[in-house]
Amino acid sequence: MTQLLTLAQLQAQRAAQPSTILIDALGERCFAAEHIPGAINVPHTVSDEVLLAAVPDRHATIVTYCANPACQNSHILAHRLRVLGYTNVAVFAGGKKEWTEAGLELTVAAVPA
């Protein structure tokens, strides 16, 4: 079973372990529109090869997230990571919704063509 992190736990994790890889599991356009600062984008629909290339270290500390608690993309991606042999995967289930409701800013990137 995947560990679920609260916002406070996510913040503590990132403070204690800055190498934590935060992955936005939404599509490229959603990521570009807004994402949690420091996150990378690996949509839950990418091939295993793309996923393995995005995060080559299977022992890295990884936290996935998506839009809100009802969104399952982060859970799907976390499950795929575990199946592929990643050993330290958690989900920030509150996603962007909980992040912004806490008054935290999101980063905006260029929208892909």
Quiz prompt | Leading residue at positive end of dipole, the chain (Cβ point charges), from Leu22, Ile40, Thr61 | solution = Thr61
Quiz item: Rounded if a/c is under 1.5, else prolate if a/b is larger than b/c, else oblate: which is the stretch 45-111, with a ≥ b ≥ c the root eigenvalues of its Cα gyration tensor?
Solution: prolate
Exercise. Using a 1.4 Å probe over the heavy atoms of the protein chains, calculate the carbon and sulfur portion of the accessible area of the chain as a whole percent.
Key: 58 percent
Exercise. Evaluate E = 1/(1 + (r/R0)^6) for Asp57 and Thr6, where r is the Cβ-Cβ distance and R0 equals 25 Å; express this FRET efficiency to the nearest 0.05.
Key: 0.50
Self-check item: Cysteines, the chain, no other Cys beta-carbon under 4.7 Å
Solution: Cys30
Quiz item: From the backbone phi of the stretch 51-56, what are the Karplus-calculated ³J(HN,Hα) couplings (6.51 cos²θ - 1.76 cosθ + 1.60, θ = phi - 60°) in whole Hz, Gly and Pro given as x?
Solution: 4, 5, 6, 5, 9, x
Quiz item: What number comes out for the charge environment of Thr2, summing +1 per Lys or Arg and -1 per Asp or Glu over other residues with Cβ under 15 Å away?
Solution: +2
Quiz item: Around Leu22, which amide H atoms from residues at least 5 apart in sequence, or from another chain, sit under 5 Å from its own amide H, with H modelled in the peptide plane?
Solution: Ile40, Val63
Quiz item: Under the definition of Cα pairs under 8 Å and six or more residues apart, what whole-number percent is the relative contact order of the chain?
Solution: 35 percent
Quiz item: What share of the DSSP beta bridges in the chain is antiparallel, in percent to the nearest 5?
Solution: 5 percent
Exercise. Give me the distance between the Cα centres of the stretch 1-46 and the stretch 57-113, rounded to whole Å.
Key: 4 Å
Quiz item: Based only on the alpha carbon positions, what is the Kirkwood hydrodynamic radius of the chain, in angstrom?
Solution: 13.9 Å
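The values are calculated or read from the model by the stated rules, or taken from the named source; none is laboratory data. Because the structure is a prediction, the values reported are computed rather than measured. Positions of Cβ are generated from backbone atoms using ideal geometry, with glycine treated the same way; all protein chains shown enter the neighbour counts. Please note that ligands, DNA and RNA were not included when accessible areas were found on the heavy atoms of the full protein model with its side chains. Shrake-Rupley method; radii C 1.70, N 1.55, O 1.52, S 1.80 Å.
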